[in-house]
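Data block below; observations after.
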Amino acid sequence: MHIINKIKESTKSDDSHVIFSFEYFTPKFPKSATAEALAEIADAFIAKVARMAAHGASFCDITWRPTSADVTVDLAGRMQTEIGVDTMMHLTCLGMTLDGINRAIDGAKSRGVSNILALGGDPPVAAPAAAAVEPAEVNGKGVPVCGLDMVEHIRLRHGDYFGLGVAGYPEAHPSKILEGSDVATKQGYEEDLVYLKKKVDTGSHFIVTQLFYDMSFFFKFVDDCRRIGIQCPIVPGILPIVSYRSFQTMTKTCRTKVPTEIRETVEKLKSDEIALAAYGIQLATEMCAEILRRGIRELHFYTMNREEPTLAVLQRLGLVKGGENETVPRVLAVKEEGEEKKSVANGAKKLTSLYAQTVRGRCAVF
């Protein structure tokens, strides 16, 4: 099912209904590992996604790893078919040949994946600034070089089969933030908005934002998107702080502006992982609560492949129930007595049984 349809169906009849989704990194597969070890890594990943999806995720997505392209496609297919959760596969054109891009798109379709997050891809942090590729107007032919090209290419190749999402940057794309500054110029920010509108107009259904910690950037971004005619859903990307190292890496990579108070608290707690994680959960909970208060009903979590922080935030928001054995989403748990409740209980039992199994499968790389 296209994710945009899930968003519309979930929110059209109940303005207070909230949907949430989870993002995962494609796990690393050591080149020296045996086939059995590689299978265990893949199975452990699928089991983790299954456990989290059982809490009522609207969809899950998996990031693109060009060096493990076949594995990424295969895992996306397993998420879709074995777990049964609607899956969105990221696909970047950076470092990809046209044949590789087409193989990934076709492979996703053949595995039942019908949603793609179309991305240009960013050079490694250590890469020189010149390595960044400026957005092309349209692709038409040749190798896609940016997110806009990817949207057009996927549409040309497969029509309306795929539901497409694209990335949005509340603080503007990092390439628009000049060296020595922590914010984009007004011109750079506006140019990035215009480019985003082109991606939407070319065939994207919704926007997932880059992580942010300064809420004012996000709310201004939403208002500015509406101002220039972008009317599709804008899903905020939330990254609970889980460790000092990941916080530093992600904010540096994304060039995220971190409010002074948050930065100082993180620095103060960096040597106490438990206290830092607790702060990260509380901060993410407060951010999500404010987002929901402003009327936005979708939340997308960058899980960093960790279960506890994201689920803790959702429990504090009252969107999932707490407790070791309570996997039934709150929206289902409050059903009325009778056949409807019986149906929900049976469904939950089936989900728990399915997601508790580690279904071994063969990755395409094996």
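Return the carbon/sulfur percentage of the accessible area of the range 17-79, one whole number, probe 1.4 Å, all protein chains in place.
In the range 17-79, the share of accessible area belonging to carbon and sulfur is 56 percent.
Determine, for each peptide in 72-84, 252-264, the mean count of other beta carbons within 10 angstrom over its residues, then list the peptides with the highest first.
In descending order of packing, they fall as 72-84, 252-264.
Got a number for carbon plus sulfur as a percent of the range 214-278's accessible area, 1.4 Å probe? Walk me through the numbers on the way to the answer.
Numbers: 1750 of 3300 Å².
Within the range 214-278, the accessible surface is 53 percent carbon and sulfur.
Please give the solvent-accessible surface of His2 in Å², to the nearest 10, using a probe radius of 1.4 Å with every protein chain present.
Surface open to solvent at His2 totals about 40 Å².
Any idea of the accessible area per residue across the range 63-127, 1.4 Å probe, to the nearest Å²?
35 Å²
Can you give the local net charge around Ile228? Use residues other than it whose beta-carbon is closer than 9 angstrom to its beta-carbon, Lys and Arg +1, Asp and Glu -1.
+1
The values are calculated or read from the model by the stated rules, or taken from the named source; none is laboratory data. Values in this document were obtained by computation on a predicted structure and should not be read as measured data. No Cβ is skipped: glycine too gets one built from the backbone with ideal geometry, and neighbour counts run over all protein chains shown. Quick note on the areas: whole protein, heavy atoms, side chains included, nothing else; ligands and nucleic acids left out. Shrake-Rupley method; radii C 1.70, N 1.55, O 1.52, S 1.80 Å.
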